[in-house]
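In what follows, a structure is listed as structure tokens, so that the remarks can point back to it.
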Amino acid sequence: GNYGLAQDDFTSRREVCGWSGLRCAYNYTSEMSHVTEIKLAGKELTGTIPSEIRFLPYLTRLDLSDNEIVGTIPEDLYFLRRLRHLYLNNNHLEGTISDKLDNLNGAEHIYLGQNDLTGTLPSNIGTNRPNEWRMFSVYNNSL
């Protein structure tokens, strides 16, 4: 199927915690359920990553690898401070890697390989401390 990442899906009030590939956790402080994982690898997804991704501050895992996603990596993604696992490899992402990538110093795995990214790696990469990075991959781009 051709599923498309419709922006409405991230901002509508429908119950998303039952969706396939999404995991939520209940937060007793806010008394709300928050999306903590999006695992949609290899689902033939098209379209772009919406800037509304920033409205998921409890996200710890974003796996959109092996899809047909286009456009750039939204700056909003770099403000998800709880993100531990970011898999955007094997898509058609373009543009440059922002120096805000270093905001994700709590991440353990960042896979951006097999895309159409250009430019140079930010000079500040890996300088934000503490840094939990275990794997950072950008292979097979035009960097």
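Data table
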| quantity | calculated |
| --- | --- |
| Pair list, Cβ under 6 Å, 6 or more apart: segment 118-143 residue open to solvent by 60 Å² or more (accessible area, probe 1.4 Å), other residue assigned to a loop (DSSP other than H, G, I, E, B) | 132/106; 132/108; 134/108; 139/113; 140/113; 140/114 |
| Lone unmet requirement of (1) out of contact with any His (no Cβ under 8 Å at 6 or more places or on another chain); (2) at pLDDT 95 or above; (3) surrounded by fewer than 20 Cβ atoms within 10 Å (Cβ to Cβ); (4) not in a helix (DSSP H, G or I) for residue 68 | (1) |
| Check on residue 49, in contact with a Pro (Cβ under 7 Å, 6 or more places away or on another chain) and either part of a helix (DSSP H, G or I) or of a type in the set (Asp, Glu) (or both) | no |
| Number of positions in segment 96-113 that are open to solvent by 10 Å² or more (accessible area, probe 1.4 Å) and touching an Asp or Glu at 6+ places or on another chain (Cβ under 8 Å) | 5 |
| Condition check for residue 29: open to solvent by 50 Å² or more (accessible area, probe 1.4 Å), modelled with pLDDT of 85 or more and at negative phi | no |
| Looking only at segment 94-121, and only at residues there that are part of a loop (DSSP other than H, G, I, E, B) and touching a Ser or Thr at 6+ places or on another chain (Cβ under 7 Å), the one that is nearest to residue 60 (Cα to Cα) | 112 |
| Filter result for residue 77 (within 29 Å of residue 20 (Cβ to Cβ) and part of a helix (DSSP H, G or I)) | yes |
| Selection within segment 32-47 - surrounded by 17 or more Cβ atoms within 10 Å (Cβ to Cβ) and hydroxyl-bearing (Ser, Thr, Tyr) | 36 |
| Answer from 61, 81 - the residue that is within 21 Å of residue 123 (Cα to Cα) and open to solvent by 30 Å² or more (accessible area, probe 1.4 Å) | 81 |
| Checking residue 102 against (1) among the acidic types (Asp, Glu); (2) at pLDDT below 95; (3) over 23 Å from residue 135 (Cβ atoms), the condition it does not meet | (3) |
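The values are calculated or read from the model by the stated rules, or taken from the named source; none is laboratory data. Keep in mind the model is a prediction, meaning the values are calculated, not measured. Using ideal geometry, Cβ is built from the backbone for each residue, glycine included, and neighbour counts are taken over all protein chains shown. Just the protein is used for accessible areas: all its heavy atoms, side chains included, with ligands, DNA and RNA removed. Shrake-Rupley method; radii C 1.70, N 1.55, O 1.52, S 1.80 Å.
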